[in-house]
Amino acid sequence: MEQGYNLLHDGILALAEVERNGMRVDLDYAKEKHDELTDLIDDLEEEFKKTKFCKHWGYSLGKTKLNLASPYQLEHYLYKVKKIKPPKMSDSGKKGSTDEESLRALNIPELDLVLRIRKLKKLRDTYLHSFISESVDGFIHPVFNLHFARTFRSSSDSPNFQNIPIRDEEAKEIIRKALFPREGHQLLEIDYSGVEVCIAACYHKDPTMIKYINDPKSDMHADMAKQIFFIDELDKNIPAMKTLRNGTKNGFVFPQFYGDYYINNVASLVAWTKMPQEGIIKSEHGLELPSGIHLGEHLREKGIKSIKQFTEHLKEIEYHFWNKRFPVYNSWRRKWWSAYQKKGYFDTYTGFRISGVWDRNFVINAPVQGSAFHCLLWSLIEVGKALKKYKMKSRIIGQIHDSIVFDIYPPELDDVLDISKEITCVKLLKEWDWIIVPLEIEAEVCEVDQSWYYKKEIKI
DNA sequence: CAGCTCAGCGCG
DNA sequence: AAAGCGCGCTGAGCTG
């Protein structure tokens, strides 16, 4: 366990410096945008109050004041007063859910206003407000913890640097346009590509998975998309094919790795490919394929004419996935889980013993998630040392599980990239001989004095 | 007012 | 056999 201790000791010293460095915030922008959102939210709330839907909801509450931000009140009105059948239940299973997915499924126009208000409040109160209130002299200093996460991953708070919007374009723009490098500097982010898949392979050593990782021309997600949707060739440059591949990656492959099963995968795949949620699959359903026909027609030709049949099909795919394609990975999962059940703990490659009462999915995922982060942490420590050794003006200002964010003095950009690449892809593999697959990094940069919104991938 | 749980939602 | 993993922040609603 000494190795694990030393990693966290060196790690927290390196991260303390990252915290002191911090990231520059455009406070004028943040405050202006904050107030702009407040005005917008006020207008939308006024608009909502004028609707019949809102008046009836308010009437149903009697003396209680209506609060459209209250899931509790909304749940009561929709599913008790109006007696609508909830599209799904909340996680606790006790109440009808009023999350975005559920409200969209109800197809009530007024609820779009509720969701719009919810989103804008999230951006204003969780991000812009915390940037303003946590900033000191125009810098935020997010905290990076190594002693909270059960997997020995990190976490971040005050403000959380690890959940800044990026998937939703509008949210990404509003929030990331508040974050800047030091004057005359530029932001750089390097990240490990598919590091959890690589680290998982070091644990289970499945030969087929190792082949996928070693052969850059092979593509596990494309192969699965071809198998699930009966396709002979998959060209990622064609948008519909890219959607099928990404839908398969995010709706089947990764959920399966995390311990999900085919029934849940159906709903996810159906959403990605625009197929009906249940019932009969018709010719006009689903993505339009390059041949001009819809996925629905294509599946019908292959004998899949209903969601029920698609579900049975996916059950067979799942069986093939774990018993024919990745049988060694599968037997590792069984052995790892069974060994834990006998011992009450499991050890990671990076020097940690995780003991306690856990469920199967945690026991299988924690060593991978933890060790993958430790690769990043070791690299961050070494890159930090190198920046000091060469007396560079560039600094590390943050870390997001598999990536490092830098505030770069522009003349040093190429050197920082060279140093980082050497440490992350060469030195780490010499230090830890249990890493039996190659690791790769990608890089994104902003131009000088540009906000974090503009980061773009570069070749390295 | 402090402190808790829950629902919802942002990220890897 | 079991039924996606890990985090932090906010507001609502409740208890004491």
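So here's what we get for this one:
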{"quantity": "Wholly enclosed strands (runs of 3 or more DSSP E) of the stretch A:130-207 bearing at least 1 residues among the aliphatic types (A, V, I, L, M) and not assigned by TED's automatic domain parsing to the domain that holds A:ASP407", "calculated": "A:143-145"}
{"quantity": "Any pair with Cβ under 9 angstrom, 6 or more apart, that starts in the stretch A:393-413 at a residue that is in a helix (DSSP H, G or I) and ends at one that is among the basic types (Lys, Arg)", "calculated": "A:PRO411/A:LYS393; A:GLU412/A:LYS393"}
{"quantity": "From A:ARG24, A:ARG20, residue being within 29 Å of A:PHE352 (Cα to Cα) and either in contact (Cβ under 8 Å) with a residue 60 or more places away in the chain or surrounded by 14 or more Cβ atoms within 10 Å (Cβ to Cβ) (or both)", "calculated": "A:ARG20"}
{"quantity": "Lone unmet requirement of (1) under 22 Å from A:HIS9 (Cβ atoms); (2) in contact (Cβ under 8 Å) with a residue 60 or more places away in the chain; (3) away from DNA strand B (no atom under 16 Å from the Cβ) for A:ALA386", "calculated": "(2)"}
{"quantity": "Unmet criterion (only one of (1) near DNA strand B (Cβ under 7 Å from one of its atoms); (2) over 23 Å from A:HIS34 (Cβ atoms)) for A:LYS119", "calculated": "(2)"}
{"quantity": "Residues of the stretch A:349-377 satisfying the condition of being crowded, with 21+ Cβ neighbours inside 10 Å and either outside any helix (DSSP H, G or I) or of a type in the set (Phe, Trp, Tyr) (or both)", "calculated": "A:THR350, A:PHE352, A:PHE373"}
{"quantity": "Check on A:LYS217, surrounded by fewer than 20 Cβ atoms within 10 Å (Cβ to Cβ), part of a loop (DSSP other than H, G, I, E, B) and more than 16 Å from DNA strand B (Cβ to nearest atom)", "calculated": "yes"}
{"quantity": "A:ILE210 being free of Cβ contacts under 8 Å to residues at least 12 places away in the same chain, more than 16 Å from DNA strand C (Cβ to nearest atom) and among the hydrophobic types (A, V, I, L, M, F, W, C)", "calculated": "no"}
{"quantity": "Enumeration of residues in the stretch A:259-292 that are exposed (fewer than 13 other Cβ atoms within 10 Å of the Cβ) and under 26 Å from the mean Cα position of the chain (by Cα)", "calculated": "A:TYR261, A:ILE263, A:GLN277"}
{"quantity": "Enumerated helices (runs of 4 or more DSSP H) restricted to the stretch A:1-89, each holding at least 3 residues that are under 27 Å from the mean Cα position of the chain (by Cα) and within 30 Å of A:ILE396 (Cβ to Cβ)", "calculated": "A:2-21, A:27-49"}
{"quantity": "Pairs with Cβ under 8 Å, 6+ apart, first in the stretch A:446-458 and closer than 13 Å to A:ILE408 by Cβ, second among the hydroxyl-bearing types (Ser, Thr, Tyr) and surrounded by fewer than 17 Cβ atoms within 10 Å (Cβ to Cβ)", "calculated": "A:CYS446/A:TYR454; A:GLU447/A:TYR454"}
{"quantity": "Close pairs (6 angstrom Cβ cut-off, 6 or more residues apart or separate chains): assigned by TED's automatic domain parsing to the domain that holds A:VAL114 in the stretch A:34-61, assigned to a helix (DSSP H, G or I) and of a type in the set (Phe, Trp, Tyr) anywhere", "calculated": "A:CYS54/A:PHE48; A:TRP57/A:TYR77; A:SER60/A:TYR77"}
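The values are calculated or read from the model by the stated rules, or taken from the named source; none is laboratory data. Here the structure is a predicted model, which means the values were calculated and not measured. A quick note on method: Cβ atoms are made from the backbone with ideal geometry, for glycine too, and the neighbour counts reach across all protein chains shown.
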